[in-house]
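The values are calculated or read from the model by the stated rules, or taken from the named source; none is laboratory data. Because the structure is predicted, anything quoted here is derived from the model rather than measured. All Cβ positions, even for glycine, are placed from backbone atoms using ideal geometry, and neighbour counts span all protein chains on display.
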Amino acid sequence: MTKKHPVRKDLPRVAVASVVFREGKVLLVKRANEPSQGMWAVPGGSVKPGETLRAAVERETREETGLKVIAGDPVHVFDLIEKDAGGRLKFHYVIIDLAAEYLGGELCAGDDAEEAGWISPSELCRITITPGTKKLLRKLGFALA
């Protein structure tokens, strides 16, 4: 039997995200859950105890999009900190974005993704993207309107 580790709200959680480009488009998901529910972002999620960053990126991408990727090196790191109206901490994630290469699979939204898609630079202005994803895409030179 696996012992479940309690989630401590007073400590930052480590999360990863997959940065995948293909044919001039970027892989994004519309988040179904908090944080950033209803917004588009690169696919990702929490790192499980004992899991490497690369293994977490590959697992999370498969769970959220149905696609198989091979993870590469980190390309961006940032904090996602959200507080409630009373100033109490809701979330604190340290997010490490890793470059990843598309290997195959059928694109479909899964796990905690409401939608998934290959998004072109011209389509970015028609969707709501998380601030962290905007910053990442600008840093990597992916055109934003």
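Every residue, every condition in (1) among the hydroxyl-bearing types (S, T, Y); (2) out of contact with any helix residue (DSSP H, G or I) (no Cβ under 9 Å at 6 or more places or on another chain), yes or no:
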position	(1), (2)
G104	no, yes
L107	no, no
S122	yes, yes
G132	no, yes
F142	no, no
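Please give the number of the condition C108 fails out of (1) assigned to a helix (DSSP H, G or I); (2) within 15 Å of K30 (Cβ to Cβ).
If we test C108 against (1) assigned to a helix (DSSP H, G or I); (2) within 15 Å of K30 (Cβ to Cβ), just (1) comes out false.
Considering only segment 16-30, I want to know if a residue exists there that is over 21 Å from T128 (Cβ atoms), at pLDDT 95 or above and assigned to a strand (DSSP E or B).
For segment 16-30, residues over 21 Å from T128 (Cβ atoms), at pLDDT 95 or above and assigned to a strand (DSSP E or B): present.
Only one residue in S120, S36 is out of contact with any Phe, Trp or Tyr (no Cβ under 6 Å at 6 or more places or on another chain), within 19 Å of K139 (Cβ to Cβ), modelled with pLDDT of 95 or more and of a type in the set (S, T, N, Q), so which one is that? Before you say what the answer is, go through the steps one by one.
Working: S36 fails: modelled with pLDDT of 95 or more.
On inspection, the qualifying residue turns out to be S120.
Restricting attention to segment 49-68, report how many residues are under 13 Å from V14 (Cα atoms) and outside any helix (DSSP H, G or I).
Qualifying residue count for the region: 4.
Would you be able to tell me the number of residues in segment 75-106 that are over 30 Å from L11 (Cβ atoms) and free of Cβ contacts under 8 Å to residues at least 60 places away in the same chain?
First, the residues of segment 75-106 that are over 30 Å from L11 (Cβ atoms): 101-106.
Pick out the ones that are also free of Cβ contacts under 8 Å to residues at least 60 places away in the same chain and you get 103-106.
Residues in segment 75-106 being over 30 Å from L11 (Cβ atoms) and free of Cβ contacts under 8 Å to residues at least 60 places away in the same chain: 4 in total.
Residue by residue, here is whether (1) loosely packed, with under 15 Cβ neighbours inside 10 Å; (2) more than 27 Å from S122 (Cβ to Cβ) holds:
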position	(1), (2)
V42	no, no
A56	no, yes
A71	no, yes
E82	yes, yes
K90	yes, yes
E106	yes, no
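Within the set of pairs 6+ apart or on separate chains, which have a first residue in segment 127-139 that is closer than 14 Å to Q37 by Cα, a second that is among the hydroxyl-bearing types (S, T, Y), and C-beta atoms under 6 Å apart?
Pairs found: T130/S36.
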